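One structure is given below, encoded as structure tokens.
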Amino acid sequence: MRKTALTLFIAFGLAAAAAFAQTPDLSGEWKLNSGRSDLGDMAAADPSITLSIRQEAGLITIRKTISIVGREVVKNFRYTLDGKEALNAGESLKELKGAAAFDKGILLVRSEQEGMTMTSTGVGEPEIEYFKYNSVEAFSLSADGKTLTLVHDQQMPDGARRLTYVFEKLGS
């Protein structure tokens, strides 16, 4: 009987540890370390990016503050963590359709949004093209909980892009 109880205790303990490993808590205030990031073409603008993340009871809210070339943009996102679609405000007043869920300890946020490009030759009206693009943001937390890495894959009309943002936890 003791052996069975001990075996069950160990099994439940391992199951609980595995469940915890699947859903790390990303909550906190995070600041971009641009020197450790791969920002592609955006690196030349030397952006300042902070994230404020709150994760609780199957819900995550992410506030992104981006300061670039003297302009600050704040974006707020809210997702349930069960993979159900959510609508958030996006670029150009278009809604961003997205869903978030953890997979093997990594938060995956898959989204689809409309965008537009404008081309002008300097003569006549500019040419405007609307398109939809997909993206996946993969948030992973370091073992010590002090570094948050965000790999952002975008599928744009002119090809795929991958940016890697490395954030450090503030106040740690």
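Does region 30-109 come out rounded, prolate or oblate, given a ≥ b ≥ c as the square roots of the eigenvalues of its C-alpha gyration tensor, rounded meaning a/c under 1.5 and, failing that, prolate meaning a/b above b/c? Before the final figure, lay out the partial values.
Working: a/c = 2.13, a/b = 1.54, b/c = 1.39.
In terms of gyration-tensor shape, prolate.
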Quote the FRET efficiency, to the nearest 0.05, computed for I106 versus E127 with a Förster distance R0 of 41 Å and r equal to the Cβ-Cβ distance. 0.55
Cross-link pairs beyond the 20 Å C-alpha cut-off, checked among K31/K64; K84/K169; K31/K132; K31/K75; K84/K146: K84/K169; K31/K132; K84/K146
How charged is the neighbourhood of R161? Take every other residue with its Cβ under 14 Å from the Cβ of R161, and add Lys/Arg as +1 and Asp/Glu as -1. -4
Which length gain, in nm to one decimal place, applies between D82 and D46 when the Cα-Cα distance is subtracted from 0.36 nm times their residue separation? 9.5 nm
Just reorder L108, L51 by solvent-accessible area, largest first, 1.4 Å probe, all chains present. L108, L51
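The values are calculated or read from the model by the stated rules, or taken from the named source; none is laboratory data. These numbers come from a predicted model, not from an experiment. Every residue, glycine among them, receives a Cβ derived from its backbone with ideal geometry; neighbour counts consider all protein chains shown. Protein only, heavy atoms only, side chains kept; ligands, DNA and RNA dropped before computing areas. Shrake-Rupley method; radii C 1.70, N 1.55, O 1.52, S 1.80 Å.
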